1. Does any residue in segment 35-46 that is over 16 Å from GLN134 (Cα atoms) and among the small types (Gly, Ala, Ser) come within less than 8 Å, Cβ to Cβ, of a residue that is assigned to a strand (DSSP E or B) and within 12 Å of the ligand (Cβ to nearest atom) six or more places away or on a different chain, and which pairs are these?
2. Considering every residue within segment 60-71, establish whether at least one is β-branched (Val, Ile, Thr), closer than 26 Å to ALA201 by Cβ and in the same structural domain as ASP128 (by TED's automatic domain parsing).
3. Would you please name the residue that is surrounded by the most Cβ atoms within 10 Å (Cβ to Cβ), looking only at residues in segment 39-96 that are more than 10 Å from the ligand (Cβ to nearest atom) and among the small types (Gly, Ala, Ser)?
4. What's the number of the only condition in (1) part of a strand (DSSP E or B); (2) in contact with an Asp or Glu (Cβ under 8 Å, 6 or more places away or on another chain); (3) surrounded by 18 or more Cβ atoms within 10 Å (Cβ to Cβ) that ASN132 fails to meet?
5. Would you point out which residue out of THR203, THR170 is surrounded by fewer than 18 Cβ atoms within 10 Å (Cβ to Cβ) and either touching a Gly at 6+ places or on another chain (Cβ under 6 Å) or more than 19 Å from THR45 (Cα to Cα) (or both)?
6. Within segment 97-129, work out how many residues are loosely packed, with under 15 Cβ neighbours inside 10 Å and either hydrophobic (A, V, I, L, M, F, W, C) or in contact with a Pro (Cβ under 7 Å, 6 or more places away or on another chain) (or both).
7. Suppose we keep only residues that are assigned to a loop (DSSP other than H, G, I, E, B) and either aliphatic (A, V, I, L, M) or away from the ligand (no atom under 13 Å from the Cβ) (or both) within segment 97-107. Which one would you say is nearest to GLY195 (Cα to Cα)?
8. What single numbered condition from (1) assigned to a loop (DSSP other than H, G, I, E, B); (2) in contact with a Phe, Trp or Tyr (Cβ under 8 Å, 6 or more places away or on another chain); (3) within 15 Å of the ligand (Cβ to nearest atom) fails to hold for ASP19?
Amino acid sequence: MSLKKYREKRDFKTTTEPDGRPGGSSMAPKKKSSLIYVVQKHRATSLHYDFRLEYNGVLLSWAVPKGPSLDPAVKRLAMHVEDHPLDYTNFEGVIPEGEYGGGTVMVWDNGTWTPESEDVEKALKAGDLKFNLQGKKLRGSWVLVRTRGFGGGSKESWLLIKHRDEFASTEDIAAEQPLSVLSGRLLADIARDGGGDVAKAATGDPAVDAAKKNAGKIDDARKTKTAVTSRSAAKPAKVKAKRISRKK
Ligand code: MN
């Protein structure tokens with residue numbers, strides 16, 4: 001595992017992504033025994049979720065176009081991509097257009113993970129890694145299974161699948177929990193704050209939230225109890241509360 005590919009793809013004079021070299025704004029794990037888990041929602045050329053597991057000093061990374069599903073019947077394509085530095089864990093912001101991955105990045109979920117496969121090295125080679133997530137949104141038992149492209153240099157296809165346990169659900173978690181676990185922001189908020197392409201970022205946010213972004217109209221709608229108000233009321237209370245508290 002190395003960060004060679006990660007560094008080759010990026011110009012650290014232009015992007016604010018970490019270069020992964022010692023002395024960076026390291027977010028080292030507090031306990032050596034716990035391994036970092038993070039999912040970054042990334043509106044680049046297309047929307048995807050970067051699923052990352054700390055292992056051997058780097059973040060093993062898979063790009064999941066549709067994002068994780070809590071439904072064990074749903075298998076989500078996960079393209080194996082280059083290892084990322086541990087510093088990347090807290091990266092949320094704008095990657096300049098024209099740079100590799102240009103667009104907006106949100107820390108969609110984070111926490112720790114525990115291998116369920118006995119030997120992680122062996123499991124990765126075999127293309128069948130079982131693990132448990134202790135995240136804020138994703139929890140319980142999961143598996144990553146490789147489907148093709150064994151051992152090659154090019155991207156390998158894996159599938160990310162939820163195992164059956166008490167955390168399995170048919171809830172569309174990507175749609176129903178669209179906010180950053182770091183900042184409570186939507187992609188459009190992050191783009192705006194970071195001087196990025198707000199309209200492009202907003203295409204990665206759920207439609208209802210995108211509509212709610214028009215603060216003036218929403219405030220009027222709440223007062224006059226129009227159709228928009230009833231749509232807002234249909235949102236989960238947690239999300240709604242966060243959105244309102246951010247209005248000040
Ligand atoms: Mn990405």
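The values are calculated or read from the model by the stated rules, or taken from the named source; none is laboratory data. Everything quoted here is computed from the prediction, not taken from an experiment. Using ideal geometry, Cβ is built from the backbone for each residue, glycine included, and neighbour counts are taken over all protein chains shown.
1. Partner pairs satisfying both residue conditions: ALA44/ILE95; ALA44/GLY103.
2. Yes, that holds for at least one residue.
3. Ranking the candidates gives ALA78 first.
4. (3)
5. THR170
6. Count: 1.
7. Taking segment 97-107 as the starting set, the residues that turn out to be assigned to a loop (DSSP other than H, G, I, E, B) are 97-102.
Right, trim to either aliphatic (A, V, I, L, M) or away from the ligand (no atom under 13 Å from the Cβ) (or both) and you get 97-98.
On the way: GLU97: 11, GLY98: 15 Å.
Only one residue fits best here, namely GLU97.
8. The one condition ASP19 does not meet is (3).
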